[in-house]
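Just so you know, all these numbers are worked out from the coordinates, no wet-lab data involved. In this text the structure is predicted, and so the values were computed from the model without any measurement. No Cβ is skipped: glycine too gets one built from the backbone with ideal geometry, and neighbour counts run over all protein chains shown.
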Amino acid sequence: MLELDRAREVARDMTENVERVIIGKPHAVELGIIALVCQGHVLIEDVPGVGKTMLARSIARSAGCEFKRIQFTPDLLPTDVTGVSIYNQKSGEFEFRAGPIIAQLVLADEINRATPKTQSALLEAMEERQVTVEGVTHPVPRPFMVMATQNPIEYEGTFPLPEAQLDRFLLMITLGYPSTEEELAIVENQILAHPIEALETVASSEQIIEMQEAAKRVYVDDLIKQYIVAITQSTRDHPDISLGSSPRGSLALFRGAQAMAMIRGRDYALPDDVKELAIPMIGHRIIVSAAARMRGTQARDVVSDLVDRIPVPGAQVGGWLRR
């Protein structure tokens, strides 16, 4: 089993490797690596052309894991994702032909272009790490991670992800447009060839699994656990939120704080880790009320307000924060 120091080196090598392709977005790259360490799934949402698919491909290539890509379209069927049993005339038996979801790292490109029936084919694999076809259960390999992309501005021919699907994503990443200097660097890096073509593998699947296990040993104080639960529960009675976060939000913040601490060179989590991860890990799990949306309020605004208002562990003398 990898020690924390060695696990940190593996995570750092992967981060530096991905940043050779994804320029000027260190926080987005770090979030992608955190999701991999937490054994979670990532939803990358942003406008076309900012590097959503490239971020997913770079992480997959750096990890050295089996990679499959699913291009989601309106005519995609659930069996195109999970696989199908085919009758073999020679043997007289049905043989299972695995779909692309049975891989270690899966890119679900433009996931909201598929019908809800096809989208639901991912639910069992994302939560239970298995696929059931015609009554037979097939486990997915380890490590397993779904990286999905979607475009937030195109609505024709798309099917918004339901809450149950969104809740299964550990976090959501937005990239945004690059600065002038970053965009110039992107142009210069692709004069002869795309940098992903020369990207090398820096970690094996065994190292990824060991890194995931090592992160679980990062210490999280009881006060920070209470802080995490307080943030999640506050989303359930906020006047601007019609649907609050599920307990998966608390689990995501807990695991995310462990992973961020490990990546940043600590064997203990801090309240700042929780605060930094609150928007990407909680924002997509809540539904802003209609009245708040009419005022232009977004989910990230509400989560940011909650984080600002909830007392940080150790910040006050009395009350529930006192030992």
- Using the alpha-carbon atoms, what tilt in degrees (0 to 90, nearest 10) does helix 52-63 show relative to the longest principal axis of the chain? 80 degrees
- Query: Helix 247-263 sits at what angle to the longest principal axis of the chain, using alpha carbons and giving 0 to 90 degrees rounded to 10?
  - Reply: 90 degrees
- The lysines whose Cα lies under 30 Å from the Cα of residue 216, excluding any fewer than 8 residues away in the same chain, are 25, 52, 68, 225, 275
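How long are the semi-axes of the ellipsoid equivalent to region 218-312, from square roots of 5 times the Cα gyration tensor eigenvalues, in whole Å, largest first? Write down the numbers at each step before the final one.
Values: eigenvalues 130, 27, 22 Å².
So the equivalent ellipsoid measures 25, 12, 11 Å along its semi-axes.
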- Once both axes come from the Cα atoms, what is the angle between helix 222-234 and the longest principal axis of the chain, in degrees from 0 to 90, rounded to 10? 80 degrees
- Query: Counting pairs of Cα atoms in region 105-244, how many percent are more than 23 Å apart?
  - Reply: 61 percent
- Item | Dipole-positive endmost among 37, 178, 202 within the chain (Cβ charges, Cα centre) | 37
- Report the equivalent ellipsoid semi-axes for the chain in whole Å, largest first, defined as the square roots of five times the eigenvalues of the gyration tensor built from alpha carbon atoms. 32, 24, 22
- Message: In whole Hz and in residue order, list the ³J(HN,Hα) couplings for region 64-70 that follow from phi through the Karplus curve 6.51 cos²θ - 1.76 cosθ + 1.60, θ = phi - 60°; x for Gly and Pro.
- Response: x, 9, 5, 10, 10, 10, 10
- Query: Once you put a point 7 Å from the Cα of residue 191 and another 7 Å from the Cα of residue 117, both along the Cβ direction, what distance in nm separates them?
  - Reply: 5.2 nm
- Put a dot 7 Å past each Cα toward the Cβ at residue 127 and residue 19; how far apart are the dots in nm? 3.7 nm
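What length, rounded to one decimal in nm, is gained on full extension from residue 90 through to residue 164, with 0.36 nm per residue of separation minus their alpha-carbon distance?
On the way: separation 74, 0.36 × 74 = 26.64 nm, distance 4.22 nm.
Full extension of this stretch gives 22.4 nm more.
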- Amide H to amide H under 5 Å from residue 235: which residues, 5+ apart in sequence or cross-chain, H placed 1.01 Å off N in plane? 245
